[in-house]
1. When the Cα centres of region 110-130 and region 209-265 are compared, how far apart do they sit, in Å?
2. Could you point to the label whose value was computed as Cα extents along the principal axes in Å for the structure here, given (i) 58, 43, 37; (ii) 84, 55, 31; (iii) 59, 38, 37?
3. Looking at region 23-294, send over the antiparallel percent of its DSSP beta bridges, to the nearest 5.
4. On average, how much area does the Cα convex hull of region 10-123 cover when viewed from any direction, in nm²?
5. Over the Cα atoms, compute the radius of gyration (one decimal) and Dmax (the largest Cα-Cα distance, rounded to a whole number) for region 172-288, in Å.
6. Could you give each residue of region 167-181 its phi-based ³J(HN,Hα) in whole Hz, using Karplus coefficients 6.51, -1.76, 1.60 with θ = phi - 60°, and x for Gly or Pro?
7. Percent of Cα-Cα pairs more than 25 Å apart in region 66-192, please.
8. In Å, the Kirkwood hydrodynamic radius of region 75-148 over pairs of distinct alpha carbons?
Amino acid sequence: MPIQPLPSGLPIIAPRAKDSHKGTYGRALLVGGSVGMPGSISLSGQACLKGGAGLVTLAVPDAIINTVANFEPSYMTWALPTDRSGHLPFHAKTRLNEKLQSADCLAVGPGLGQSRGLFHLVGYLYETFANPMVIDADGLNLLSQRDQPLAGRAGPRVVTPHLGEFRRLVGKPHLSMEDARTLAVEVAQQHQITVVLKGPHTLVTDGQQQWHNPTGNPGMATGGTGDVLTGLVTSLLAQSLDVYSAAVLAVFLHGLAADLAIRETTQPGLTASDLLSFVEEAWRDYESRRDHFSN
């Protein structure tokens, strides 16, 4: 079977330099997790490693740090306080700031839960962190509770809502997917952010450009797959891709990993952990097509 070219509009990244080291590929910081929800942030951290980030740190409540650390020895963990409800309190920002100073990019949301303290913490990070930031899951739900959910960003932002989360962000509970796609472009343009509207043929837009993803399948409709995507976007941001290019390439690889996975499993049986297992094969497919058509 002949090698197929990569889709038009897909970012093409160069092969790694022979003299590169872990510092070359960035420092990613991911904030999430809560008591009873250690898996989401762990999936994101593992995906961030699989995506190629040089150094990955997960900042999580101290009550779950041992569980999170046991998922994967290759990322680092950073203990933050845990409040009585099992979530991060607002004053966790004091200790978190120690890591933010050296982070090239930040992801917030997987497994975070919701509380008043988290409402203020997520808003604080959105408005003060100057480097690229990915907001997903409960991070989005907490932003949606603000008077102006997406206003006041301090730096480049990627939001990765599914339809329900996007409805909450824009305050339109009955929005159809077709109308959401149109509105996503307007929201991205208005706030100068990148929106990843997840669903069939996931849309990535920065308000000027649009990408409709050709990869992926219905097996991805299961818990945890969005957490894997968050990790992949964060990983590519750590490697200095701009927010739109990072989102496009991450969405493509994410869907491709799912397409490769169901050759060995099934759509109903596909899990987020399966996606992690096939990210490397997705990278291999991407690199082989890149190299073939660049010669």
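Nothing in this text is a laboratory measurement; each read-out follows from the coordinates by a stated rule. As the structure is a computational prediction, the values presented were derived from the model and not from experiment. As a convention, Cβ positions derive from the backbone with ideal geometry for all residues, glycine included, and neighbour counts pool all protein chains shown.
1. That distance is 24 Å.
2. Checking each listed value against the structure points to (i).
3. Numbers: 7 of 29 bridges.
Restricted to region 23-294, the bridges split so that about 25 percent are antiparallel.
4. On the way: hull surface 31.6 nm².
Computed as one quarter of the Cα hull surface, the answer is 7.9 nm².
5. Cα-based Rg and Dmax for region 172-288 come out at 14.3, 43 Å.
6. 4, 5, 4, 9, x, 10, x, 10, 4, 7, 4, 4, 5, 5, 4
7. Above the 25 Å cut-off, region 66-192 has 28 percent of its Cα pairs.
8. Values: mean 1/r = 0.0793 Å⁻¹.
Kirkwood hydrodynamic radius for region 75-148: 12.6 Å.
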